[in-house]
Amino acid sequence: MNATEHQQQVRLSKVALNLLVILAATILFNVFPQRVGFWRSAIDLSSFTPVLAPEFTSYLPWLNVWWGVAFSVNVSLLILRRRIPLSGWVEVGISVYGGVLLTALAIGAPFQMVAWASALVRLILALAALLTFFKASRLARGLLAKSRAVSST
C-alpha cells in the first residue's frame, strides 16, 4: 500500500464513534431537550435545572441539517472504508457550516440559567466553533495538497 492509499483510509472506530455521537445528539436535542441541563445537588434529584429555553427549538432545523449531512458522510465512509475527494470536500463544507452554527449558538442561543453558567456555555460553544473552523482548514489544506500532488505527477 502506498502513502496516498494509506492517507485515504479512515479509522473505522472513529467513524463509528462519530455516528454514535451524532445519533445521540440528534435524539437528545430533538426528543428530550428538557433533559439537557445539570443538577445543582448530587443528593437532591429535584435540583435539576434545564439549560435550553423553549426558543432553542428555532435552532433545531439548522442543527438537524448539520447532523444529517454529517451522519450521511460518516455512513459513506463506513461503507467505502476510505475517503474520496468528494467526501473530503463535503466534510470541509460540514465543518464550515458547523462552525458558523456553533458561532450563532454562542452569540444568540437562548439559555435559561444563571449568567455565569450561560457565559461558560457560550465560551465552550465559541471554542468548539474555533476548533471546527480549524478542522475545516486542516481538511481543506490536505485536500488541496493531494490535488496538487496528483496534478504534478
Quiz item: Just one of the numbered conditions (1) among the aliphatic types (A, V, I, L, M); (2) touching a Phe, Trp or Tyr at 6+ places or on another chain (Cβ under 9 Å); (3) more than 26 Å from Ala16 (Cα to Cα); (4) assigned to a helix (DSSP H, G or I) is not true of Val96; which one?
Solution: (3)
Quiz item: Quick one: in region 124-148, which of the residues that are in contact (Cβ under 8 Å) with a residue 24 or more places away in the chain and farther than 19 Å from Val96 by Cα is surrounded by the most Cβ atoms within 10 Å (Cβ to Cβ)?
Solution: Lys146
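Quick check on Pro61: is it open to solvent by 60 Å² or more (accessible area, probe 1.4 Å) and either modelled with pLDDT of 95 or more or touching a strand residue (DSSP E or B) at 6+ places or on another chain (Cβ under 8 Å) (or both)? Please lay out each step first, then the result.
On the way: open to solvent by 60 Å² or more (accessible area, probe 1.4 Å): yes; either modelled with pLDDT of 95 or more or touching a strand residue (DSSP E or B) at 6+ places or on another chain (Cβ under 8 Å) (or both): yes.
Taking the combined requirement at face value, the residue satisfies it.
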Quiz item: For region 42-53, how many residues meet the condition of being open to solvent by 40 Å² or more (accessible area, probe 1.4 Å) and of a type in the set (Ser, Thr, Tyr)?
Solution: 1
Self-check item: Single residue of Gly88, Gly93, Gly68, Gly98 found to be open to solvent by less than 30 Å² (accessible area, probe 1.4 Å) and modelled with pLDDT of 95 or more
Solution: Gly98
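Could you please let me know if Ser152 is within 30 Å of Gln9 (Cα to Cα) and open to solvent by 50 Å² or more (accessible area, probe 1.4 Å)?
Working: within 30 Å of Gln9 (Cα to Cα): yes; open to solvent by 50 Å² or more (accessible area, probe 1.4 Å): yes.
Taking the combined requirement at face value, the residue satisfies it.
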Quiz item: Got at least one residue in region 36-54 being modelled with pLDDT of 90 or more, assigned to a helix (DSSP H, G or I) and under 23 Å from Ala104 (Cβ atoms)?
Solution: no
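The values are calculated or read from the model by the stated rules, or taken from the named source; none is laboratory data. Note that this is a predicted model, so its numbers are computed, not measured. Every residue, glycine as well, gets a Cβ built from its backbone with ideal geometry; the counts of neighbours run over all protein chains shown. When the accessible area is computed, the model is the full protein with side chains, heavy atoms only, and any ligands, DNA or RNA have been set aside. Shrake-Rupley method; radii C 1.70, N 1.55, O 1.52, S 1.80 Å.
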